[in-house]
Amino acid sequence: MVQRVAVVGAGVSGLAATKCCLEEGLEPTCFEQSENVGGLWYYTDQAEEGRASIYRTVFTNSCKEMMCYSDFPFPDDHPNYMHNARLQHYICKYAEHFDLLRHIRFKTLVTKVKKRPDFSVTGQWEVVTRRDGKEETAVFDAVMVCSGHHVYPNLPLAQFPGIQKFKGCYFHSREYKEPEKFRGKKVLVIGLGNSGCDIAVELSTVASQVYLSSRSGSWVMSRVWDNGYPWDMLVITRFRTWLGNILPRAISDWLYVRGMNRFFKHENFGLMPLDRTSRKEPVFNDDLPSRIACGVVVMKPNVKEFRETSVLFQDGTVQDDVDVVVFATGYSYSYPFMEDDSIIKCRDNQVTLYKGILPPRLEKPTIAVIGLVQSLGPIIPTADLQCRWAVKVFQGRWLGKCWVKGYFLTTLQTDYISYMDELASAIGVKPNMLKLLLTDPQLALKVIFGPCSPYQFRLVGPGKWSGARKAILTQWDRTLQ
C-alpha cells in the first residue's frame, strides 16, 4: 500500500499534490529548492539556476474564476486578471489555509530519484536530496513530479547561422526582467509566444525600435472579450465544446478562424499562422495589434542569417544596427534528477505519458508527472484534478487493464474540457448533466451553458465541496465586482 509520497516542487502543482495526499490519508513530503512556495509565480530579481523565472510585469492569461483551485475561490475584490505578485499571495494563502507548509522542506534540492532494487514488487523509490551541502536519502512509496516545464531554456543557436559573429547582445527571455536598460536600443525579439509578445510590447515603450520575428505565426487573443467579459468565461464552456465535437470539421475550422479574426484580421498584421486551422495554444496580448499599428513593433519573418551588426530575414530584407536580440524560444522538458531517463522520456521536446500523467512501461504505476498537459484551459485546476486522479491510482482504486490499452499523450496538447471530464469520470467527480437537469435545473443551465469553472469538479463524489454550487451561481457577480 502506498503511504509515503515524495512531491518534487512546491509550485501550484506541488501544493495541489500535497493537499490531495493529505485528503486521502497519505503522508506527503514536499521538497522545494527555494525558500518559498509558488514555483513559477515566485518572482526574484535575478534568474536562478534550476528555477523558473518570470519578468516583473507578468500577468495571468486566465481569469480568476477559471484559474483558481477548485475549492478555494479568489477573494471577491481581486481583479479578473492578476499581476504575478497578487497570484503569489493567493498561492501562499492556499498553502496556509490547508496547512500545507509543515509538509514542505524548503531550500532542499532533489538530486536523484531512482527505483529501489525490489521495485517490481514494492513500487518504491529512493529519493536523494541536498540541503546546506548535506545529502540525505529516503525511501518513498510513490513520487509526484511537480517541477514544471519553464526551467530549462531552449536556445537553438545552431538554427541561426552567423550568431557567433553578431556583435550585439543576445540572451534567452528567461533572463529578461524589466525594460529600462534597453532604452533607445534597436531590439529584435525572436518568438511569437506569450513571452515574446509581452517583451516586445513592453520594450516598445522604451526602445527606439522593436522587431518581432516569427517562424510560423500565431493567433493573438485579447483577455477582454465580448462586452468586456473575460475571454475564457465565454469561450471555455461545455456547450461550445459539444458543438465543436458534433459539427463537421470544415465548419468547425471555419468558425474557429472566424472567431480568432473577430477583432482584427491577422493576415493584415503579419501574424497569420501558417496552419490556419491549428488549435495550438494562442497568444494572449491586448496591446500587440495597436503596437504594430503604431509602428513601434514591426513584424518580421524567421531569421535567415546574423551578421556583425545586422540581421537578414527569410524574405530577403535586412535590418541594420540591431543592438539586442531576445530569444523567446521556449523551454525544454528535462528531469535531471531522474537516474533512469527512460522513465520520463523526452525526445524532440515531447514526452509520452498515459493520460498525460503516468510514464508508460513501469511495473508499478507509482510515479506521476503533474502539470505538463497544455490546453486552452488554466493550469491550476488541471493540475488539481490530475493530482486527485494520480492519488487514486497510487491507492490502486482505479486503473485496471486501461493501463495497457489506454491512450498516451505525446504532444501533451489536448482539449481542456474533454480532458478534465475524462479524469473526473474516472474518479467519480464529473457532474451528471441529466441528473442535474432533473434535480437542479438552475445549476444545470449554468454548468452546461456557462463557463466550465473549476468548481464543477467539486459538486459530487470524493472531495466534494459544500461551497461548489454557490460558487458557480455567483461566479459572474465576482467577475463584475
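The values are calculated or read from the model by the stated rules, or taken from the named source; none is laboratory data. Everything numeric in this text was worked out from a predicted model, so none of it was measured. For neighbour counting, all protein chains shown are included, and Cβ atoms are generated from backbone atoms with ideal geometry for every residue, glycine included. SASA here: full protein model, heavy atoms, side chains in, ligands and nucleic acids out. Shrake-Rupley method; radii C 1.70, N 1.55, O 1.52, S 1.80 Å.
Report, ordered by chain and residue number, the lysines lying within cross-link reach of residue 265, taken as a straight Cα distance under 24 Å and ignoring same-chain residues fewer than 8 apart.
Partners within reach: 280, 300.
With viscosity set to 1.002 mPa s at 20 °C, what whole-number translational diffusion coefficient in µm²/s follows for the range 165-257 from Stokes-Einstein and a Kirkwood radius over Cα pairs?
131 µm²/s
Leaving out ligands, DNA and RNA, and with a 1.4 Å probe, what % of the accessible surface on the chain is carbon or sulfur?
C and S fraction of accessible area: 50 percent.
Counting only heavy atoms of protein chains, what accessible area per residue, in Å², does the range 15-58 have with a probe of 1.4 Å?
37 Å²
For 99, 226, 384, give the ranking by accessible area with the largest first, probe 1.4 Å.
99, 226, 384
Starting from the alpha-carbon convex hull of the range 204-286, give the projected area averaged over all orientations, in nm².
Here the figure is 6.7 nm², rounded to one decimal.
Keeping to pairs on different chains or 8 or more places apart, tell me how many lysine pairs in the range 81-180 have Cα atoms under 30 Å apart.
10
Kirkwood-based Rg over Rh for the chain (C-alpha set), two decimals?
When Rh is taken as the Kirkwood radius, the ratio is 0.97.
Quick one: check the C-alpha center-to-center distance for the range 233-274 versus the range 438-481, whole angstrom.
26 Å
Just flag the trypsin sites (Lys or Arg not before Pro) in the range 194-292 sitting in loop per DSSP whose Cβ has no more than 12 other Cβ atoms within 10 Å.
262, 265
Note down the relative contact order for the chain as a percent, whole number, built from C-alpha pairs under 8 angstrom at least six residues apart.
20 percent
At 4 °C and 1.567 mPa s, grab the translational diffusion coefficient of the range 275-343 from Stokes-Einstein with a Kirkwood Rh over Cα pairs, rounded to a whole number in µm² per second.
80 µm²/s
Per residue, how much accessible area does the range 103-238 show when a 1.4 Å probe rolls over the protein heavy atoms, in square angstrom?
Using a 1.4 Å probe on heavy atoms only, each residue of the range 103-238 averages 44 Å².
With θ set to phi - 60°, apply the Karplus curve 6.51 cos²θ - 1.76 cosθ + 1.60 along the range 307-319 and write out the HN-Hα couplings as whole Hz, x wherever there is a Gly or Pro.
Once θ is set to phi - 60°, the couplings for the range 307-319 become 10, 4, 10, 9, 9, 9, 9, 4, 7, x, 6, 10, 10 Hz.
Which loop trypsin sites (Lys or Arg not before Pro) in the range 25-71, with loop taken from DSSP, have no more than 14 other Cβ atoms within 10 angstrom of their Cβ?
Here the trypsin sites (Lys or Arg not before Pro) that fit, given the DSSP loop and packing criteria, are 56.
In units of 2.2 N^0.38 Å, what is the alpha-carbon radius of gyration of the range 163-205?
1.15
Evaluate the Kirkwood expression for the hydrodynamic radius of the range 53-177, namely the inverse of the mean inverse distance over all pairs of different C-alpha atoms, and round to one decimal in Å.
Here the Kirkwood hydrodynamic radius works out to 19.1 Å.
Mind checking the range 73-118 for trypsin sites (Lys or Arg not before Pro) that DSSP puts in a loop (not H, G, I, E or B) and that have at most 15 other Cβ atoms within 10 Å?
Passing sites in the range 73-118 are 107.
Probe of 1.4 angstrom, ligands and nucleic acids ignored: what's the accessible area per residue over the range 244-398, in square angstrom?
45 Å²
For residue 379, tell me the accessible area in Å² from a 1.4 Å probe, rounded to the nearest 10.
70 Å²
Just tell me the longest site-free run in the chain, where the sites are GluC sites (Glu not before Pro) in a DSSP loop having at most 16 other beta-carbon atoms within 10 Å.
Free of exposed loop sites, the longest segment is 50-307.
Report the antiparallel proportion of the DSSP beta bridges in the chain as a percent, rounded to a multiple of 5.
Percent antiparallel among DSSP bridges in the chain is about 45.
Grab the DSSP H runs of the chain that are 4 residues or longer, score each as -39,500 (n - 2.57), total them, divide by all residues and round the 222 nm result to the nearest 500 deg cm²/dmol.
Per the formula, -7500 deg cm²/dmol.
Which semi-axes, in whole Å and largest first, does the equivalent ellipsoid of the range 99-256 have when worked out from the alpha carbon gyration tensor as the square roots of 5 times its eigenvalues?
39, 31, 18
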